[in-house]
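Structure record follows, encoded as structure tokens.
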Amino acid sequence: MAMTDLLSAEDIKKAVGAFSAAESFNYKKFFEMVGLKKKTPEDVKKVFHILDKDQSGFIEEEELKFVLKGFTPEGRDLSDKETKALLAAGDKDGDGKIGAD
């Protein structure tokens, strides 16, 4: 399954472009711009599984660095600071990874 099977290619392009500058990534705005806020929990889990490159059931810090590339190959890598901020927002139990729930 491709990301564009779930989200609009145009929305993805606009969202990735909006955060193309280093240190500009805002996960709340990004996820809203790509349309995830309007998706069902089932569709959000499908997106999660696409981003979970090693299919471990978790998205670890190393996978988060490349989250924008998970939406489109033209996406940039997140900086260490941006990656840590995204991990902190999604890691509810402090185990250093984000689960599907």
Original post:
What residue, among those in the stretch 44-76 that are aromatic (Phe, Trp, Tyr) and within 11 Å of the chain's Cα centre (by Cα), is surrounded by the fewest Cβ atoms within 10 Å (Cβ to Cβ)?
Top reply: Phe66
**OP:** Name, by its number, the condition in (1) surrounded by fewer than 16 Cβ atoms within 10 Å (Cβ to Cβ); (2) in contact with a helix residue (DSSP H, G or I) (Cβ under 9 Å, 6 or more places away or on another chain) that does not hold for Ser79.
**Re:** (2)
Original post:
Does Lys65 satisfy the criteria of being of a type outside the set (Val, Ile, Thr), under 13 Å from Ala100 (Cα atoms) and at pLDDT 95 or above?
Top reply: no
Subject >> Selection status of Met1, among the aliphatic types (A, V, I, L, M), modelled with pLDDT under 95 and open to solvent by 70 Å² or more (accessible area, probe 1.4 Å) >> reply: yes
Subject >> Subset tally (residues that are surrounded by 14 or more Cβ atoms within 10 Å (Cβ to Cβ), outside any helix (DSSP H, G or I) and touching a helix residue (DSSP H, G or I) at 6+ places or on another chain (Cβ under 8 Å)) for the stretch 82-99 >> reply: 2
Original post:
Quick check: anything in the stretch 65-73 more than 14 Å from Met3 (Cβ to Cβ) and touching a Ser or Thr at 6+ places or on another chain (Cβ under 6 Å)?
Top reply: yes
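The values are calculated or read from the model by the stated rules, or taken from the named source; none is laboratory data. The structure displayed is predicted, hence computed values, not measured ones. Using ideal geometry, Cβ is built from the backbone for each residue, glycine included, and neighbour counts are taken over all protein chains shown. Note: areas computed on protein heavy atoms with side chains; ligands, DNA, RNA excluded. Shrake-Rupley method; radii C 1.70, N 1.55, O 1.52, S 1.80 Å.
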